[in-house]
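Note sheet for the following structure.
Readers should treat all values here as calculations from the given coordinates under stated rules, not as data from a laboratory. All values reported here derive from a predicted model rather than from experimental measurement. In this analysis, Cβ positions are derived from the backbone assuming ideal geometry, glycine residues included, and neighbour counts consider all displayed protein chains.
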Amino acid sequence: MKFKLPYGLKDGKLVHISDVEKGLKCECVCPACNHPLIARKGEKTAHHFAHYNGSECAKSVETALHSISPSKYLFKANNLNSTE
């Protein structure tokens, strides 16, 4: 199972995909590699961040999950792979 990246960094703070504008307007970067992210908030797949240049870094999801508190992760985890 491949997890989608639910968190990005904006202004040095970790933000959830639900808390930002879609596309490049989110102004977020990857928590692991610091490259620009695009907020994918369409209707077919779960909302998530993707690397703008199309490449994926191997540590993005792991780094994001290690950066948040367990209680916040459990609250947002229900929407991690949702297709709604």
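For the residue pair K13 and H35, what label-to-label distance in nm results when each label sits 7 Å from Cα along the Cα-to-beta-carbon direction?
Going by the 7 Å Cα→Cβ label model, 2.7 nm.
Expressed as a fraction of 2.2 N^0.38 Å, the rule-of-thumb size for a compact globular protein of N residues, what is the C-alpha radius of gyration of the stretch 1-46? Could the numbers behind the result be given before it?
Numbers: Rg = 10.2 Å, N = 46, 2.2 N^0.38 = 9.4 Å.
Its radius of gyration relative to the 2.2 N^0.38 Å reference: 1.09.
Could you derive backbone 3J(HN,Hα) for the stretch 9-16 from the dihedral phi with the Karplus parameters 6.51, -1.76 and 1.60 (θ = phi - 60°), listing whole Hz in sequence and x where the residue is Gly or Pro?
Calculated HN-Hα couplings, in order: 9, 10, 6, x, 10, 6, 10, 7 Hz.
When Lys and Arg each count +1 and Asp and Glu each count -1, what net charge do the other residues less than 13 Å away from A39, Cβ to Cβ, add up to?
On the way: positive: K4, K10, K22, K25, R40, K41; negative: D19, E21, E27.
Its environment carries a net charge of +3.
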